[in-house]
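Presented below is the structure to which this report refers.
Read-outs throughout are calculated quantities, based only on the coordinates presented, and are distinct from any laboratory measurement. Everything numeric in this text was worked out from a predicted model, so none of it was measured. Don't worry about glycine lacking a Cβ; one is built from the backbone with ideal geometry, like all the others, and counts go over all protein chains shown.
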Amino acid sequence: MGQAGNGPRPRRSVLYMPGSNARALEKAKTLDVDALIFDLEDAVAPEAKATAREQVASAVKGGGYGHRELIIRINGLTSEWGRADLDAAIAAKPDAIALPKVNGPVDLKLVAGIMQAQGADPAIKLWAMLETPLAMLNAKSICLAAREESSRLEAVVMGTNDLSKETGTHITKGRAEMMPWLMLCLAAARAAGISIIDGVYNNFSDIEGFSEECTQGARMGMDGKTLIHPSQIDACNSAFAPSDEAVHWARKVIAAFEAPENAGKGVLQVDGKMVERLHAEMGQKVVAIADAIAARAG
Ligand code: COA
Ligand code: MG
């Protein structure tokens with residue numbers, strides 16, 4: 001499932017599927033999402049854990065998911081299922097393994113160490129769920145673990161439902177109470193140069209409220225959002241893709257700095273607005289992600 005070319009990898013829409021739901025695993029092959037999380041943890045009842053593990057391993061091995069990035073979320077290693085999940089995931093070779101309830105960098109190290117010892121394919125990355133009070137306090141050290149390639153860490157995912165459960169903090173419209181943690185984790189992810197995916201919106205019948213939360217997440221700087229239902233995909237993809245206006249503006253700013261008459265200038269005006277070279281650099285990123293999304297659709 002490697003990334004074609006060296007451009008950025010769009011991670012706008014990241015859909016969870018209960019590993020026990022065979023129909024969902026099959027349907028996902030036709031859904032317009034950037035990534036799929038095959039869940040063995042919270043969405044799977046204890047009696048269904050073993051079946052889910054087998055089903056997910058065989059779906060990932062079987063392929064047929066095209067450009068979609070495939071992630072297996074295992075149970076924590078302290079649970080009775082964690083180690084068997086990890087072994088099955090290593091053998092299935094997804095793009096990444098997602099670890100729930102990471103409290104600190106030690107939790108990542110433990111898993112990366114086992115993977116190393118098992119001779120896991122180096123292409124299998126780790127995604128860390130940030131969803132406990134300790135993870136909020138340790139967001140920096142968790143994310144900065146990515147500086148060592150041996151950590152395999154490539155993305156973090158906000159687990160807002162667990163966070164709400166563990167802290168007593170409510171998730172309200174506009175998410176004012178959660179915002180300090182979300183933004184703290186965002187800064188930590190950016191400092192480490194890894195992706196950060198926003199938490200889920202539980203009311204999948206409320207597409208309007210969901211769209212607002214997508215727009216908010218995109219403005220906050222999130223790369224994308226985790227989803228629970230196919231009805232959420234379209235609004236999510238459009239909210240996290242650069243708008244046509246944004247791409248147009250980015251190209252204009254890039255062109256202005258590339259114009260021979262502006263060589264050596266650090267600051268210019270475009271359409272009556274001040275732009276600095278940093279805006280051209282931001283523009284390059286916008287164009288790169290828009291190109292990657294266009295290549296995917298085509
Ligand atoms: N991934 C892929 N397909 C899904 C899906 C998902 N997460 N959720 C629903 N679908 C499919 C259904 O299989 C159904 O397909 P069909 O028309 O081919 O039969 C279709 O979408 C419509 O589903 P619907 O009947 O509206 O939903 P439901 O009542 O079957 O399921 C949930 C509702 C919430 C139980 C289900 O969406 C779900 O399990 N979501 C993921 C939950 C999860 O993984 N949580 C963990 C992290 S928070
Ligand atoms: Mg959870």
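Just a few scattered comments:
- Cβ-Cβ distance of residue 164 and residue 110, R₀ of 25 Å, FRET efficiency by 1/(1 + (r/R0)^6): the value works out to about 0.45.
- Rel. contact order, % - alpha carbon contacts under 8 angstrom, at least six apart, the range 244-297: 43 percent
- Result for the chain in a Gaussian network model with C-alpha springs under 10 Å: among 75, 138, 262, the largest mean-square fluctuation is at 262.
- Amide H contacts for residue 227 (H built 1.01 Å from N in the peptide plane; partners 5 or more residues away or on another chain; cut-off under 5 Å): 14, 15, 16.
- Using the Cβ-Cβ distance between residue 255 and residue 202 with R0 set to 41 Å, the FRET efficiency works out to roughly 0.40.
- Listed values for the range 161-177 are Karplus-derived 3J(HN,Hα) couplings in whole Hz (6.51 cos²θ - 1.76 cosθ + 1.60, θ = phi - 60°), namely 5, 5, 4, 5, 4, 6, 9, x, 7, 7, 9, 10, 4, x, 6, 4, 6, and x replaces Gly and Pro.
- Dipole size of the range 48-135 about its Cα centre, with +1 on Lys/Arg Cβ and -1 on Asp/Glu Cβ: approximately 60 debye, rounded to the nearest 20.
- Net charge dipole size for the range 101-229 [Lys, Arg +1 and Asp, Glu -1 on Cβ; Debye, nearest 20]: 300 debye
- All Cα pairs of the range 244-297, percent lying beyond 13 Å: 56 percent
- Taking amide H as placed 1.01 Å from N in the peptide plane, residue 73 has its amide H under 5 Å from the amide H of 38, 39, 40, 98, each at least 5 places away in sequence or on another chain.
- Global form of the chain, assessed from the alpha-carbon gyration tensor, a/c cut-off 1.5: prolate
- In the range 198-298, a dipole from Cβ-located charges (positive for Lys and Arg, negative for Asp and Glu) runs towards its positive end, and of 226, 203, 282 it is 282 whose Cα lies farthest in that direction.
- Dipole magnitude of the range 205-278, debye to nearest 20 (Cβ charges: Lys/Arg +1, Asp/Glu -1, about Cα centre): 400 debye
- Amide N of the range 170-191 lying under 13 Å from the label point, which is placed 7 angstrom from the Cα of residue 219 along Cα→Cβ: 174-176
- In the elastic network of the chain, a GNM with C-alpha springs shorter than 10 Å, the most mobile of 140, 173, 29 is 173.
- What the Cβ-Cβ distance of residue 285 and residue 32 gives, at R0 = 22 Å and to the nearest 0.05, is a FRET efficiency of 0.45.
- Take every Cα pair under 8 Å whose residues are at least 6 apart in sequence, average their separation, divide by the length of the chain, and the relative contact order is 16 percent.
- Under Karplus coefficients 6.51, -1.76 and 1.60, residue-wise ³J(HN,Hα) of the range 216-230 in Hz, glycine/proline x: 4, x, 5, 5, 5, x, 5, 6, x, 9, 7, 10, 10, 8, x
- Note, ³J(HN,Hα) from phi for the range 147-154, Karplus 6.51, -1.76, 1.60, rounded to Hz, x at Gly and Pro: 5, 9, 4, 4, 6, 6, 6, 10
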